[in-house]
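Worksheet: the structure to be examined is printed underneath.
The values are calculated or read from the model by the stated rules, or taken from the named source; none is laboratory data. Note that the coordinates shown come from a computational prediction; the quantities given were computed from them, not determined experimentally. Cβ sites come from the backbone with ideal geometry, for glycine too, and all protein chains shown count toward neighbours.
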Amino acid sequence: MTQSAANNKRIARNTLLLYMRMLLIMAVQLYTSRVVLNTLGVVDYGLYNVVGGIVTMFAFLDSAMVTSTQRYLTFELGTGNTGRLREVFTTSVQIHAMISAIVLILGETAGLWFFYHKMVIPPDRMAAAMWVYQLSIAAMMVQIMSTPYNAMIIAHERMGIFAGISIIEAVLKLLIVYLLLIGHFDKLVLYAVLILLTQLLVRALYTGYCRRRIPESRLMRIFDRKLVKEMSGFAGWNLMGNFAAVMYDTGLNLLLNMFFGPAVNAARAVSVQVESAIHRFASNFQTAVNPQITKLYAQERQEEMYKLIFRSSKFTFFLLFLLMLPVAVEATPILTLWLKTVPEHTETFMRLLFCIALVNTTAGPLTTSAAATGNIKTYQFTVSLILLSIVPISWMALKLGAPAHAVFIVMLAVCSVSFVVRLFFIRALTGLRISRYARNVIVPCLVAGALSLLLSLLWARLLDGTRHWAWVVSCLLIGLSTAAVLFAIGLTAAERQFVWGGVKRFLTKKRQG
């Protein structure tokens, strides 16, 4: 078996493991969101998301190091330098400990000022909201310290373990829902406490596995100032990109709170829950592919890297589109069945978030290839400036009287511009021609997507109002017709053969097993 074939097989196996993980996680997340919303109520549910969002705003510090840690670990694995790999891991743990301390300081200073002076919180829920805030800081610090261990598992492509621990986390969240229903304490505070305990247990599992099964994750008694400076410098430029991402996510959430109150935050939270569940399910393919892109660059196998970028961009778009389209078209009955009481604006928010996810997810392999080069200074600076414009433009729109969903329209427009800009930078960094990317990714995605959308709207129109459960039949027809169009029109002959071969291998193993 050639190395390329072995890599494809590994990607397919890891993707399958991650999909099995996400099927369970998505089901658990959608169920728990419904129960938590109904148990906490619209106001408390909105408060949890917006108060926790203040802490998340400081997480951009860690997000920058996540990319740096993943890149350096995967790069050293690609070169086969295990000694250097252990040094990189130890250094990443030290840097993440520093970041945890910084998040604590920022949370207890700037974050507290914003909490007391800018948040719209009902006076009788102020004490509970403060508990949520403090527990969210603790949970964030635990999550930050887990990052190097998660990155090591992904770099080694041990997706079975990654999936297994994630499933345990999903089961724990089911337990949280049960305890929330029977608990006699303040439901909002109890929910925040249980989330923190879950984070602690999950972190212990990741740490324990790495220390026992991955020798390079055992800490060394060193402090390599040069490596700290190198990794922090790489992260420093990533910092702008991650700060921009946090700002347009958390910043828009805070804007909605300031202009419209907690009820609209609840609508956004529900929309994000649906979008995130589907997005994570589809992006598992990208998670499995990303280490290979970095390793191919480290081994100077440019042509193979280009083909992998094309395939991962297109496949991730199609998987995401296939899952989102039925939900977007039949949003009203699906949300009503799921939540019973659907917060106002939820459908509009959700559909716009779907479009944004399609743009950002398709650009994912471009970001990975840029990070693989290590030369991200100008790339991150330019893209970050573009993305940072989302919040001020949205603020101006709301000041002028625009409706709540206008912030997501602004976000979609700006993210589309940043996608085009990324293409120009990738051409300079890796030599990948824009015309080649457009021919292999953008054109097939637009053509197959447009045709699928037209067919889906036709099914929904024909079945509308025929019977109470007609939307179920509509979703099935939308899914089947979309899959057929994407397979027949969106994929090349080689890609169809790749997909069909993977399906046949999976079915053969099932029959033999």
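Figures for the structure shown
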| item | result |
| --- | --- |
| Residue within segment 176-197 that is of a type in the set (D, E, K, R) and within 30 Å of N38 (Cβ to Cβ) present | yes |
| Residues of segment 362-376 satisfying the condition of being of a type in the set (S, T, N, Q) and either not in a loop (DSSP other than H, G, I, E, B) or not assigned by TED's automatic domain parsing to the domain that holds L319 (or both) | T362, T367, T368, S369, T373 |
| Elements of type helices (runs of 4 or more DSSP H) in segment 101-205, at least 3 residues being under 26 Å from T368 (Cα atoms), out of contact with any Ser or Thr (no Cβ under 7 Å at 6 or more places or on another chain) and not acidic (D, E) | 126-155, 159-182 |
| Answer from L47, L106, L40, L112 - the residue that is crowded, with 21+ Cβ neighbours inside 10 Å, at pLDDT 75 or above, of a type outside the set (K, R) and in the same structural domain as G364 (by TED's automatic domain parsing) | L47 |
| Tally of residues being among the small types (G, A, S), over 28 Å from S68 (Cβ atoms) and either in contact (Cβ under 8 Å) with a residue 40 or more places away in the chain or outside the structural domain of M231 (by TED's automatic domain parsing) (or both) across segment 115-146 | 2 |
| Number of positions in segment 196-224 that are among the basic types (K, R), closer than 14 Å to F89 by Cα and exposed (fewer than 12 other Cβ atoms within 10 Å of the Cβ) | 1 |
| Lone qualifier among E216, E230 - being part of a helix (DSSP H, G or I), in contact with a Lys or Arg (Cβ under 8 Å, 6 or more places away or on another chain) and either of a type outside the set (G, A, S) or within 30 Å of A370 (Cβ to Cβ) (or both) | E216 |
| Unique match (being of a type in the set (A, V, I, L, M) and within 21 Å of M220 (Cβ to Cβ)) among A110, A97 | A97 |
| Selection within segment 235-251 - modelled with pLDDT of 75 or more, of a type outside the set (S, T, Y) and more than 14 Å from C415 (Cα to Cα) | G251 |
| Segment 147-198 - residue that is of a type in the set (F, W, Y) and farther than 21 Å from V66 by Cα and, of those, farthest from the chain's Cα centre (by Cα) | F185 |
| Set E275, E216: member being under 24 Å from the mean Cα position of the chain (by Cα) and among the acidic types (D, E) | E275 |
| Output for segment 172-185, where each listed residue is touching a helix residue (DSSP H, G or I) at 6+ places or on another chain (Cβ under 7 Å) and either of a type in the set (A, V, I, L, M, F, W, C) or surrounded by fewer than 15 Cβ atoms within 10 Å (Cβ to Cβ) (or both) | L172, L174, I176, V177, L179, L180, L181 |
| Candidates T336, T332, T341, T348, filtered to the one that is farther than 25 Å from L432 by Cβ and either touching a strand residue (DSSP E or B) at 6+ places or on another chain (Cβ under 9 Å) or free of Cβ contacts under 8 Å to residues at least 12 places away in the same chain (or both) | T336 |
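Rundown of residues vs (1) free of Cβ contacts under 8 Å to residues at least 24 places away in the same chain; (2) within 22 Å of L319 (Cβ to Cβ); (3) surrounded by fewer than 20 Cβ atoms within 10 Å (Cβ to Cβ), yes/no style:
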{"site": "L353", "(1), (2), (3)": "no, yes, no"}
{"site": "T362", "(1), (2), (3)": "no, yes, no"}
{"site": "P365", "(1), (2), (3)": "no, yes, no"}
{"site": "A370", "(1), (2), (3)": "no, no, no"}
{"site": "T382", "(1), (2), (3)": "no, no, yes"}
{"site": "P392", "(1), (2), (3)": "yes, no, yes"}
{"site": "G401", "(1), (2), (3)": "yes, no, yes"}
{"site": "R427", "(1), (2), (3)": "yes, no, yes"}
{"site": "V447", "(1), (2), (3)": "no, yes, yes"}
